[in-house]
Amino acid sequence: MDETTRTELEAAAFRRLLAHLSERTDVQNIDLMDLAGFCRNCLSRWYAEAAAEKGIDIDKEAAREIVYGMPYEEWKTRYQR
């Protein structure tokens, strides 16, 4: 498999993961941490770190908004128990 195809497949899987997490707002970050060892906040941090490696400045809140699909504070108000 060539590098471009691999990257496209990884990006598609990541978008699918974000869509799944958006649909499963009943699953709290603590549940993810307990079961999988990562949570939405980890994903947003990894996203920002990957951007930084490419010389792109994405702050913590912008990365969280990408992962959560809305501002983090709004998500917490709506869904965090």
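Write out, first by first residue and then by second, each pair whose Cβ atoms fall under 7 Å of each other, whose residues are 6+ apart or on separate chains, and whose first residue, in segment 22-37, is closer than 19 Å to residue 74 by Cα while the second is part of a helix (DSSP H, G or I). Qualifying pairs under 7 Å: 25/79; 29/40; 29/41. Where helices (runs of 4 or more DSSP H) fall wholly inside segment 16-81, the ranges with 3 or more residues that are under 12 Å from the mean Cα position of the chain (by Cα) are 40-53, 60-68. Looking at this structure, is residue 31 surrounded by fewer than 17 Cβ atoms within 10 Å (Cβ to Cβ), under 18 Å from residue 20 (Cβ atoms) and among the acidic types (Asp, Glu)? Answer is yes for this residue.
Among the residues of segment 22-81, just one is polar (S, T, N, Q) and in contact with an Asp or Glu (Cβ under 9 Å, 6 or more places away or on another chain), namely 44. Restricting the first member to segment 42-56 and to residues that are touching a residue at least 24 places away in the same chain (Cβ under 8 Å), and the second to residues that are of a type outside the set (Phe, Trp, Tyr), the beta-carbon pairs closer than 6 Å and six or more apart or on different chains are 43/67; 44/63; 44/64; 44/67. The selection criterion, being β-branched (Val, Ile, Thr), in contact with a helix residue (DSSP H, G or I) (Cβ under 8 Å, 6 or more places away or on another chain) and surrounded by 11 or more Cβ atoms within 10 Å (Cβ to Cβ), holds for residue 58.
If the condition is being more than 14 Å from the chain's Cα centre (by Cα) and either of a type in the set (Phe, Trp, Tyr) or exposed (fewer than 10 other Cβ atoms within 10 Å of the Cβ) (or both), then segment 1-15 contributes 1, 2, 3, 4, 5.
Every number in this text was worked out from the coordinates using simple rules, so none of it is lab data. Quick caveat: nothing in here was measured; it's all calculated off a predicted structure. Neighbour counts run over all protein chains shown; Cβ positions are idealised from the backbone, glycine included.
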